[in-house]
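Asker: The structure follows.
The values are calculated or read from the model by the stated rules, or taken from the named source; none is laboratory data. Just so it is clear, the structure is predicted and the values come from calculations on it, not from any experiment. Using ideal geometry, Cβ is built from the backbone for each residue, glycine included, and neighbour counts are taken over all protein chains shown. In case anyone asks, the SASA skips ligands and DNA or RNA and just uses the protein heavy atoms, side chains included. Shrake-Rupley method; radii C 1.70, N 1.55, O 1.52, S 1.80 Å.
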Amino acid sequence: QVQLVESGGGLVQAGGSLKLSCATSGRSFSINAMGWYRQAPGKQRELVAGITSGGSTNYADSVKGRFTISRDNAKNTVYLQMNSLKPEDTAVYYCNWVPSIAGYWGQGTQVTVSS
């Protein structure tokens, strides 16, 4: 059974930092690209950061220079370090493979940035 469990969200003031974690199980981790997605109220879910099996990364323009995605293949875990947070970063954050696999979305973790 495939599971994706996100954690690390919370309430933070603008300019603050959070580090999200996503523990995976049930599907090969090290050979697949992983990503962090987010969905803000009233908006579609979007990919904000991705990392390949080899460690190459890419970011949405809105988070470039502020967010860093990383992975630990030994722990089947992907991380998202978020710095200089802005109110517009407020959303539920999810991890999934890249491209995403429908039906494998976890519950996500809420990130709220106050101004």
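Asker: Please find, within region 87-101, the residue that is modelled with the highest pLDDT out of those that are in contact with a strand residue (DSSP E or B) (Cβ under 6 Å, 6 or more places away or on another chain) and assigned to a loop (DSSP other than H, G, I, E, B).
Answerer: T90
Asker: Quick one: L80 ticks every box in (1) surrounded by fewer than 20 Cβ atoms within 10 Å (Cβ to Cβ); (2) modelled with pLDDT of 95 or more bar one, so which box is it?
Answerer: Unmet condition: (1).
Table: residues versus (1) touching a strand residue (DSSP E or B) at 6+ places or on another chain (Cβ under 7 Å); (2) of a type in the set (A, V, I, L, M); (3) at pLDDT 95 or above.
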position: Q39; (1), (2), (3): yes, no, yes
position: E46; (1), (2), (3): yes, no, yes
position: T57; (1), (2), (3): yes, no, yes
position: G65; (1), (2), (3): no, no, yes
position: N76; (1), (2), (3): yes, no, no
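Asker: Follow-up question, since we're still on this one. Specify the residue that is least open to solvent (accessible area, probe 1.4 Å); the eligible residues are those in region 52-71 that are within 14 Å of the chain's Cα centre (by Cα) and among the charged types (D, E, K, R).
Answerer: R66
Asker: When you go through (1) in contact with a Gly (Cβ under 7 Å, 6 or more places away or on another chain); (2) polar (S, T, N, Q); (3) touching a residue at least 60 places away in the same chain (Cβ under 8 Å) one by one for Q13, which number turns out not to apply?
Answerer: If we test Q13 against (1) in contact with a Gly (Cβ under 7 Å, 6 or more places away or on another chain); (2) polar (S, T, N, Q); (3) touching a residue at least 60 places away in the same chain (Cβ under 8 Å), just (1) comes out false.
This table checks each residue for (1) acidic (D, E); (2) open to solvent by 50 Å² or more (accessible area, probe 1.4 Å); (3) over 15 Å from G108 (Cβ atoms); (4) part of a loop (DSSP other than H, G, I, E, B).
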residue	(1), (2), (3), (4)
L4	no, no, no, no
G15	no, yes, yes, yes
F29	no, no, yes, yes
N32	no, no, yes, yes
G35	no, no, no, no
R38	no, no, no, no
G42	no, yes, yes, yes
G50	no, no, yes, no
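Asker: Still on this model: Scan region 102-112 residue by residue and report those that are farther than 11 Å from Y37 by Cβ and either open to solvent by less than 50 Å² (accessible area, probe 1.4 Å) or not in a loop (DSSP other than H, G, I, E, B) (or both). It would help to see each step written out before you state the result.
Answerer: Here is the first cut: in region 102-112, the residues farther than 11 Å from Y37 by Cβ are 102-104, 107, 109-112.
Within region 102-112, T109, Q110, V111, T112 meet the criteria.
Asker: Here's a follow-up. Please tell me if A23 is surrounded by 14 or more Cβ atoms within 10 Å (Cβ to Cβ) and within 15 Å of L4 (Cβ to Cβ).
Answerer: On the way: surrounded by 14 or more Cβ atoms within 10 Å (Cβ to Cβ): yes; within 15 Å of L4 (Cβ to Cβ): yes.
For A23, the condition - surrounded by 14 or more Cβ atoms within 10 Å (Cβ to Cβ) and within 15 Å of L4 (Cβ to Cβ) - is met.
Asker: Sticking with this one: Among (1) of a type in the set (S, T, Y); (2) within 22 Å of V2 (Cα to Cα); (3) not in a strand (DSSP E or B), where does S62 come up short?
Answerer: Unmet for S62, out of (1) of a type in the set (S, T, Y); (2) within 22 Å of V2 (Cα to Cα); (3) not in a strand (DSSP E or B): (2).
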